[in-house]
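Participant: There's a structure below that I have some questions on.
The values are calculated or read from the model by the stated rules, or taken from the named source; none is laboratory data. Note that the structure is a prediction, hence the values are computed from the model and not measured. To get the accessible areas, we keep the full protein, side chains included, count just its heavy atoms, and leave off ligands, DNA and RNA. Shrake-Rupley method; radii C 1.70, N 1.55, O 1.52, S 1.80 Å.
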Amino acid sequence: MKTRLTITFVFLTFFCFGQTQKNDDALYELTIAFRPAVITILADTGALISQINNGNIQRMTYTGMTPGYYKIQISGQGQPNVIRDCIVVKKGQNLVLNFTFNGTCLYDHPIGYIPTCPKKHKDSIIPIVYGLIAIRGDTYIEDEKHMKVRYGGCVMTGCDPQFYCKEHDIKF
């Protein structure tokens with residue numbers, strides 16, 4: 001009898017104290033027609049998080065969200081803002097966004113394209129050069145000093161601006 005009570009007590013202890021509550025994540029599927037896209041999570045108090053997605057991120061997870069209702073704003077250069085609403089995050093849930101991109105990169109230009117600044121002029125525009133720059137008196141360094149090219153860095157995403165407007169300090 002004593003052994004039976006001990007075994008029962010041990011099982012009850014494991015089942016009562018060994019349980020953990022598992023909350024499913026608040027999962028939301030987004031289809032975006034252009035890239036890069038600026039994804040902004042909006043709450044009643046305003047914008048919480050804003051992040052650029054060049055199309056190389058397929059899933060974003062946000063932890064520590066306050067329970068409530070959220071909206072997602074999708075915007076991009078020259079594109080109308082789209083707001084998706086009614087995302088409910090419950091206590092203990094993470095917000096998970098899955099992305100599908102159906103459009104081309106906004107920075108893709110046809111062959112022979114004459115760059116035009118978003119402010120509608122064609123002068124003071126130079127190309128953006130990507131890659132690791134060798135520091136040894138290279139012609140690229142001289143070209144940047146004289147503002148013939150703009151360095152974009154060595155990290156490329158596949159959807160990067162190709163031109164730079166010196167007058168307005170805009171990459172496009």
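Participant: Averaged per residue, what accessible surface does the range 30-103 expose to a 1.4 Å probe, in Å²?
Facilitator: Numbers: 4010 Å² over 74 residues.
With all protein chains present, the range 30-103 gives 54 Å² per residue.
Participant: If each residue of separation counts as 0.36 nm, what is the full-extension length gain between Lys71 and His109 once their alpha-carbon separation is subtracted? Don't skip to the answer; put the middle values down first.
Facilitator: Numbers: separation 38, 0.36 × 38 = 13.68 nm, distance 3.23 nm.
Extra length from Lys71 to His109 when fully extended: 10.5 nm.
Participant: For the range 50-58, take each phi angle, set θ = phi - 60°, evaluate the Karplus expression 6.51 cos²θ - 1.76 cosθ + 1.60, and give the result in whole Hz per residue in order, putting x for glycine and proline.
Facilitator: With coefficients 6.51, -1.76 and 1.60, one gets 9, 8, 8, 10, 8, x, 9, 9, 9 Hz.
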